[in-house]
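The next block holds one structure in the form of structure tokens; read it before the comments.
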């Protein structure tokens, strides 16, 4: 589909060069379509940029929505179930961060984190916020001793442990002395993430 190809190309170009640096002409050329396709499908550069953000948000929902919903439902049963649900959700996000397509998404999202525009509202409201809300609710069940603001801070920092697998990929590989995250390295990182989550959530800090 022409619009899907354009969106994938736009995400890559906007992520690498930013909104100002990316050229709709180059995006059209790289996607193998005519400039008129951008106007036809998206109305122009700004519309394409917002559509790229929506495409990322929709892709994250498609990859994580069902896993999060199942985990949240299972996490209602007990404190232990809530802890396991949180570990499951984070493992799902860690696996997503290891997927090749998230490289381009990450560049786009990091730019919006640093210099938020209307596109950040799309990313936050349609992808990040719903998952954070579910995560915070589960933290409340797992750690009822925490005030809500503390639970929010914990959610942000726990998610950071999964996000680093993409946002800090070069440092991860350099520190582990690997050229890329192969299956063995991925298993190690996922196992350590799970252990961290269980440790943090199972006991109150001394």
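Within the range 189-206, the residues that satisfy the criterion of being over 19 Å from the mean Cα position of the chain (by Cα), touching a residue at least 12 places away in the same chain (Cβ under 8 Å) and surrounded by 10 or more Cβ atoms within 10 Å (Cβ to Cβ) are 196, 198, 200, 201, 202. Return a yes/no flag: does the range 84-101 have any residue that is surrounded by 13 or more Cβ atoms within 10 Å (Cβ to Cβ), at pLDDT below 95 and within 19 Å of the chain's Cα centre (by Cα). Yes, the conditions are met somewhere in the range 84-101. The residue list 3, 23, 37 contains one member that is surrounded by 19 or more Cβ atoms within 10 Å (Cβ to Cβ) and more than 30 Å from residue 200 (Cα to Cα), which is 37. Within the range 74-82, can one find any residue that is at pLDDT 95 or above, farther than 18 Å from residue 106 by Cα, assigned to a helix (DSSP H, G or I) and under 22 Å from the mean Cα position of the chain (by Cα)? For the range 74-82, residues at pLDDT 95 or above, farther than 18 Å from residue 106 by Cα, assigned to a helix (DSSP H, G or I) and under 22 Å from the mean Cα position of the chain (by Cα): present. In the set (1) part of a loop (DSSP other than H, G, I, E, B); (2) more than 21 Å from residue 59 (Cα to Cα); (3) at pLDDT 95 or above, residue 116 fails one condition alone, (2). In the range 51-62, the condition of being in a helix (DSSP H, G or I), within 18 Å of residue 201 (Cβ to Cβ) and in contact (Cβ under 8 Å) with a residue 60 or more places away in the chain is met by no residue. Hey, does the range 9-17 have a residue that's surrounded by fewer than 15 Cβ atoms within 10 Å (Cβ to Cβ), assigned to a helix (DSSP H, G or I) and within 19 Å of the chain's Cα centre (by Cα)? Checking the range 9-17: at least one residue is surrounded by fewer than 15 Cβ atoms within 10 Å (Cβ to Cβ), assigned to a helix (DSSP H, G or I) and within 19 Å of the chain's Cα centre (by Cα).
The values are calculated or read from the model by the stated rules, or taken from the named source; none is laboratory data. These figures come from a predicted structure and were not determined experimentally. In this analysis, Cβ positions are derived from the backbone assuming ideal geometry, glycine residues included, and neighbour counts consider all displayed protein chains.
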